[in-house]
Structures are given as C-alpha cells and as structure tokens.
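First up is the structure itself, then whatever we jot down about it.
Read-outs throughout are calculated quantities, based only on the coordinates presented, and are distinct from any laboratory measurement. What you see is a predicted model, and the numbers here were worked out from it, not measured in a lab. Here the Cβ is made from the backbone with ideal geometry for all residues, glycine too, and neighbour counts use every protein chain on show.
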Amino acid sequence: MNGRYIYFLKELQRKLYIGTTGALSITDINPKLSSTVPSVHISHLSVNNANADSLLGMGVHAFSPTQNNLTFEFVSPTFIDEQATEYQYQLQGIDKDWSTPAANYIIAYSQLPAGDYTFMVRAKNANSLWSLTDATFWLYH
C-alpha cells in the first residue's frame, strides 16, 4: 500500500477494508485459519467520573477514601468477528469469582470500601481461544 494510513477499518463479509490517502487495500479474512491467541488491554479508566487514563500501566495506585467509584473499559483487538469477543473480569477484594463471559467491555464499581484491590480482565476470541495474560490494575485506598 502506498500513501498515509487513515483510521478506517471495517469487516464486511469476511473482508477487511483498509483505506489510505493513496489506495484501498482489501484483505480476505478467514477465522478458521487464525489460531492467534487474543491479547487484552484496559483501554480507559475513570475515577469518580474523571478520566484517569494516565494511571494505566504504571504499577500500584493509591486513591483517597473519596475516590471510590471506578469504571474500567477494556478491549481485545482481533479484527476477526470482533462481535464474538467475550470478556471476563474480576475485582479481587470485591468479586468472589470471575464474571460470566459476555460481550460487555465496560464495568463500573461504586462506593468501594477501603482496601487493596486487583482488577483483572481476560478475553476470548471468536475461535474460543482465551488470552494467555490478564490485563491488570492494582489499587488501594
């Protein structure tokens, strides 16, 4: 492909269309050929409805007692039947078990009591392969 990439990716009838300023590339997608294990990432964090993305990927975080409402968003970029991607999450210290697998990629926790917590999320792709490594976020308040 020539030209500069633009932000346009679309899956339609097992084809991936990638537009650039100088060309259009069309690639066939065959999920049966893909045995790639998905990765999963925490893509957004808000604390008391304020953006806290700058804290992602930076170790353990201390929050004040009033910073007790957290929302996590996560993603598993597969580019193959992404609607079939399912997630499981758990906030250790609150949740006893992993959540039921679902397509939901946003979870909010309200009025967290003081304590030490680890948020973990994993993903399963269209081929029923689970991510090998969980995305994690450690916090206490």
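Each peptide among 76-82, 99-105 gets the average number of other Cβ atoms lying within 10 Å of its residues, and from highest to lowest they stand as 76-82, 99-105.
Modelled spin labels at SER46 and SER64, positioned 7 Å past Cα toward Cβ, are 2.0 nm from each other. Under the simplified labelling scheme, the SER39-TYR17 pair shows an inter-label distance of 2.8 nm, with each label point 7 Å from Cα along Cα→Cβ.
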